[in-house]
Amino acid sequence: MGATEIHLLSAGSALPGPAVDNASLARRFGMDALWEQWVDTFVGTRSRHLAVDLETGEVGTSLADLGEAAARAALSRAGLQAGDVDVIVMATATPDSLMPATVNVIADRLGVDQVPSYQLQSGCSGAVQALDLASQILRSGRHRTALVLGGDVIARFYDLDVDLRSVHPAELVNFVLFGDGAGAAVLRTDPGPGSVAVRSVLTRLVGLGRAPGATLEWFGPANRGGPQERPAATEDYKAIEELVPVMSQEVLHELLDELEWKGDDVDYLLPPQLSGRMTALIGQRLGVGSSQVSCVHRTGNVGNAIVFFQLEQLLQEIGPGERAVVVSIESSKWIKSGLALEAT
């Protein structure tokens, strides 16, 4: 008997509040028009959604709020109820609290109970790691349906009183790269209308001897004094610009080689979503897919949610017999990940 085939039935997403464009960020932090132009030209992300009110500093939307909304959308599109879920997995770098796990708060709100639940602590590649774990569990034959989630609320780490004119570039980039959001997907051992088959999943740690490209501390701006006198979040953007395109090529070639696909066999490319500019450059470098599925220019980098946003768009476009490759790279300690999908 062959291995159990896993099918992606649906995906859903959720964003907090209205879009915040670069002009709004510039006004809020007292930056001039040249800074706004720099963001547009060199970062290429035009807007993002934030769970934090930039004027008051209040967090108006939690990760659980966003995850619940995304999960409900994914379940509805799959034609399923909470009682159909046999296992729930979530990936995030920014849980609402250390305990209880955010995945379990979301499960409770949905009415999911008496099932295995898992929460993975990871950066952007966590979405693929969660999909991989859920797929492996389903292949065991003990479960039929998995609800997989990913999301982050990064804006609560912002220091809204900071003077951006004096901020080191390793910190400054965080104010324009990221947005908040959550996504969800439903995996099942049998297909449904418009579903796609998961042909391969790749996730591999490759950070041996490499310094972290991104850090996110447990503390926020309010309690980083004393011995913790360091920023809540930093990015080594130069290292990311250098390594992510190379690692993306490695993921693509490994997936194609495993499945004996050629580049021309790929109809859709879902490239890494660090920023609008980086995504465009990586897409050109990979050179596959007549269509590219990208959303970072309007959502910002929403961390563990981004792959689900892309999958949501893909499922609306992909047709029978078409193939897609997802590439996701985590720079925190360097993880390569990807998916190969086929509409059967």
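The values are calculated or read from the model by the stated rules, or taken from the named source; none is laboratory data. Here the structure is a predicted model, which is why all the values come from computation and not from measurement. When we count neighbours, we look across all protein chains shown, and the Cβ atoms used for this are built from the backbone with ideal geometry, even at glycine.
A few comments on the model shown:
- The range 102-129 - residue that is touching a Gly at 6+ places or on another chain (Cβ under 7 Å) and farther than 22 Å from residue 79 by Cα and, of those, surrounded by the most Cβ atoms within 10 Å (Cβ to Cβ): 127
- Any pair with Cβ under 8 angstrom, 6 or more apart, that starts in the range 249-263 at a residue that is in the same structural domain as residue 335 (by TED's automatic domain parsing) and surrounded by fewer than 17 Cβ atoms within 10 Å (Cβ to Cβ) and ends at one that is among the charged types (D, E, K, R) and in a helix (DSSP H, G or I): 249/285
- For the range 39-58, taking the residues that are free of Cβ contacts under 8 Å to residues at least 60 places away in the same chain and under 22 Å from residue 161 (Cβ atoms), the one that is surrounded by the most Cβ atoms within 10 Å (Cβ to Cβ) is identified as 53.
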